[in-house]
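What follows is a set of notes on a single structure, which appears directly below.
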Amino acid sequence: DSGVTQTPKHLITATGQRVTLRCSPRSGDLSVYWYQQSLDQGLQFLIQYYNGEERAKGNILERFSAQQFPDLHSELNLSSLELGDSALYFCASSVAGQREKLFFGSGTQLSVL
Amino acid sequence: LAKTTQPISMDSYEGQEVNITCSHNNIATNDYITWYQQFPSQGPRFIIQGYKTKVTNEVASLFIPADRKSSTLSLPRVSLSDTAVYYCLVGSLNTGFQKLVFGTGTRLLVSP
């Protein structure tokens, strides 16, 4: 158990809908990262938050947004969903200064039908 | 961002030592080398990290030559449960390590 909690584990929805994925980092970790993993694209970085502020942005679509709350949990919002958004979405956390050691959650499997 | 190259797949048998090599020719001075392990439908799990020479922990060893242009993850006496995908990442906060694409990694299949 990495200590990173993601909910829900599975999500099935239809095209055009909006969903919210939730992540609780390990206790004390200030950074939260979101990754998307699809069969043909590998694990891709979406966005990072550090102590509530956006720190880095990767290949995140404009239809996607995220935020980190004062209690350090984070939410990834996916809107106007398309079939191609079906993927595993992982959240990871790290402690500032602990080099680049990421702790990943077990992921949310999103299926867009 | 340092690009890494790993073999796509490797096969081994239980009890053997497995060495997975990663090439990273344009590694930067501040970059660390980190290896992760991923099982199907699970998030990647940190295995080991190093900067130079050799690092060893309870599950693996990491060998890094002096020029740091490659690294080798060594798994001693693998078991069936070591069947997974192994990712090599190179980066640091200065080079935006978090933006690294994990890529396809190396699929290790351990057979009885």
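The rows are residues; the columns are (1) modelled with pLDDT under 90; (2) assigned to a helix (DSSP H, G or I); (3) surrounded by fewer than 21 Cβ atoms within 10 Å (Cβ to Cβ); (4) under 14 Å from the mean Cα position of the chain (by Cα).
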position	(1), (2), (3), (4)
B:TYR36	no, no, no, yes
B:ILE47	no, no, yes, yes
B:GLU58	no, no, yes, no
B:PHE63	no, no, yes, yes
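Let's see how each residue does on (1) in contact (Cβ under 8 Å) with a residue 40 or more places away in the chain; (2) within 10 Å of another protein chain (Cβ to nearest Cβ); (3) not in a strand (DSSP E or B):
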residue	(1), (2), (3)
A:GLN6	yes, yes, no
A:GLY16	yes, no, yes
A:VAL32	yes, no, no
A:LEU43	yes, yes, no
A:ILE47	no, yes, no
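Scanning the stretch A:57-95 for residues that are facing chain B (nearest Cβ under 9 Å) and in contact (Cβ under 8 Å) with a residue 40 or more places away in the chain, we see that the one that is surrounded by the most Cβ atoms within 10 Å (Cβ to Cβ) is A:CYS91.
Answer yes or no as to whether A:GLU54 is assigned to a loop (DSSP other than H, G, I, E, B), over 19 Å from A:THR5 (Cβ atoms) and not hydroxyl-bearing (Ser, Thr, Tyr). When the stated conditions are applied, A:GLU54 does not pass them. If only residues of the stretch A:1-53 that are in contact with a helix residue (DSSP H, G or I) (Cβ under 7 Å, 6 or more places away or on another chain) and closer than 11 Å to A:ALA92 by Cα are counted, the one that is surrounded by the fewest Cβ atoms within 10 Å (Cβ to Cβ) is A:PHE45.
The values are calculated or read from the model by the stated rules, or taken from the named source; none is laboratory data. None of these values were measured; they are calculated from a predicted model. All Cβ positions, glycine included, derive from the backbone under ideal geometry; neighbour counts span all protein chains shown.
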